[in-house]
1. If I filter the range B:50-66 down to residues being near DNA strand D (Cβ under 9 Å from one of its atoms) and under 15 Å from residue B:30 (Cβ atoms), which single residue comes out as surrounded by the fewest Cβ atoms within 10 Å (Cβ to Cβ)?
2. Does any residue in the range A:114-129 that is assigned by TED's automatic domain parsing to the domain that holds residue A:224 and touching a residue at least 40 places away in the same chain (Cβ under 8 Å) come within less than 8 Å, Cβ to Cβ, of a residue that is surrounded by fewer than 18 Cβ atoms within 10 Å (Cβ to Cβ) and part of a loop (DSSP other than H, G, I, E, B) six or more places away or on a different chain, and which pairs are these?
3. With the condition kept exactly as written, say whether any residue in the range A:85-108 is more than 14 Å from DNA strand C (Cβ to nearest atom) and farther than 30 Å from residue B:194 by Cβ.
4. When you look at residue B:155, is it modelled with pLDDT of 95 or more and in a loop (DSSP other than H, G, I, E, B), yes or no?
5. Can you name every residue in the range A:118-152 that is surrounded by fewer than 20 Cβ atoms within 10 Å (Cβ to Cβ) and part of a loop (DSSP other than H, G, I, E, B)?
6. Consider residue B:178 against the criteria (1) more than 14 Å from chain A (Cβ to nearest Cβ); (2) closer than 25 Å to residue B:89 by Cα; (3) outside any helix (DSSP H, G or I): it satisfies all of them except one. Which criterion is unmet?
7. Just to be sure, is residue A:20 in contact with a strand residue (DSSP E or B) (Cβ under 6 Å, 6 or more places away or on another chain), within 16 Å of DNA strand C (Cβ to nearest atom) and modelled with pLDDT of 95 or more?
8. Does residue A:100 satisfy the condition of being in contact with a strand residue (DSSP E or B) (Cβ under 8 Å, 6 or more places away or on another chain), in contact (Cβ under 8 Å) with a residue 40 or more places away in the chain and either within 16 Å of DNA strand D (Cβ to nearest atom) or closer than 22 Å to residue A:224 by Cβ (or both)?
DNA sequence: CAGTGGTCTAGACCACTCT
DNA sequence: GAGTGGTCTAGACCACTGC
């Protein structure tokens with residue numbers, strides 16, 4: 001079998017990568033390039049094995065890691081698919097609010113504002129932009145179980161989300177992340193959140209239907225796409241009188 | 001090879017478990033029973049394979065899953081070890097506060113109180129105890145970078161933590177979870193946290209050196225040991241003026 | 001029935017650690 | 001050098017899906 005590592009030697013240890021990790025990169029490259037789009041089936045394990053000139057077990061191990069990172073989804077008997085934000089499983093992946101009692105209900109989103117502005121210093125730093133570069137700013141109100149619970153402000157690099165408008169968002173069926181991957185080919189893979197407790201200011205209190213001075217969560221999120229590139233900065237304010245932020249530590 | 005599934009038939013599908021999952025259970029049983037204690041090396045893959053009458057690859061897959069669940073730690077060339085809370089990697093696994101600027105510093109813990117009481121209704125529900133059963137209650141103050149940042153109250157089933165005393169805690173070197181696993185054989189595996197924003201009351205404000213009415217995080221944690229059995233309920237109050245709660249969403 | 005992913009085996013060789 | 005985990009292969013058979 002033609003091994004990509006035929007030239008391996010201890011002196012090159014820094015550049016050594018196991019075969020299955022190289023395969024992993026090749027698959028990710030296919031995802032990034034759009035060769036396989038969200039929802040598509042990728043080629044079968046045996047086909048990928050012959051294409052890359054490795055055994056099925058090696059492809060399998062690569063796919064295993066990509067599946068556990070939620071980039072791919074395996075379906076026994078059918079094939080392996082590119083993960084999507086439209087799967088029910090993914091609905092509450094990036095909104096970790098759960099009701100204090102009762103069952104989670106589908107959030108209802110209202111778009112309040114959508115315009116192009118210059119990035120705030122915080123957004124610029126989070127997105128790796130130069131201070132003052134253009135971003136598209138969205139403000140939304142999210143209601144859970146009929147109660148306005150989250151007010152957030154999203155900053156997106158204008159260079160990536162060219163042509164984004166309130167109309168296009170409102171006409172789209174499905175979640176915002178679903179919209180991004182379907183219309184802009186940008187899939188959100190991972191997010192880092194920073195949570196603090198703050199007091200509601202007058203404006204936010206009004207939107208959330210609470211008194212100013214009530215304690216709320218301030219959640220700053222940076223969301224990453226393939227290759228750990230940041231593509232969204234979101235600051236959300238969460239009421240926690242009827243919901244809590246859920247987290248599991250492993 | 002003598003397969004445990006020799007009797008498998010479609011009618012028994014509900015009871016079917018792949019071999020490697022059965023091996024996984026056998027290994028977890030060894031961990032629960034104390035056959036291998038935290039920090040110990042478990043037998044090598046080939047030894048386990050012959051002991052259980054399966055191939056090395058099957059044992060390997062079982063260990064892979066246990067390692068990714070942080071129950072075991074693999075060390076190439078040395079062996080596979082039972083995970084411990086004393087590893088540097090585990091230090092901030094259950095305390096997700098990070099400084100707004102600067103580097104994380106080792107927390108300094110002060111034990112304020114340690115006594116046996118009857119479980120609060122919340123603690124009883126979280127721990128699966130009957131209302132009013134005995135629990136040991138600890139109150140602690142945690143300082144990060146010299147600043148009192150967390151005040152928490154821990155409830156532990158008295159039946160499991162017999163003989164726990166303030167003296168024993170204070171005389172122990174290392175973290176509380178380290179103490180639990182070393183002295184009581186109870187290892188914390190996983191935790192569920194629920195986060196809300198609240199206002200600091202007079203008592204907590206005093207301990208944390210802030211004004212009453214300042215917004216803080218209220219973090220309720222239920223911690224589980226092997227077999228998803230809850231063994232700790234902890235309510236913590238976090239100042240977030242110099243730190244934030246960090247979380248990564250996958 | 002063909003094609004897919006899921007499990008399991010047996011054996012080879014590599015990389016790392018300790019003696 | 002012996003022993004450990006890490007990678008890779010080749011092939012067998014099972015479970016599930018859809019035609």
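The values are calculated or read from the model by the stated rules, or taken from the named source; none is laboratory data. Given the structure is predicted, the values throughout are model-derived calculations rather than measurements. Cβ coordinates were reconstructed from backbone atoms using ideal geometry, including for glycine residues, and neighbour counts include every protein chain displayed.
1. B:63
2. Once the first residue is assigned by TED's automatic domain parsing to the domain that holds residue A:224 and touching a residue at least 40 places away in the same chain (Cβ under 8 Å) and sits in the range A:114-129, its partners that are surrounded by fewer than 18 Cβ atoms within 10 Å (Cβ to Cβ) and part of a loop (DSSP other than H, G, I, E, B) give A:114/A:165.
3. No, that holds for no residue.
4. When the stated conditions are applied, residue B:155 does not pass them.
5. Hits for the range A:118-152 are A:120, A:128, A:130, A:131, A:132, A:133, A:145, A:146.
6. (3)
7. no
8. Answer is no for this residue.
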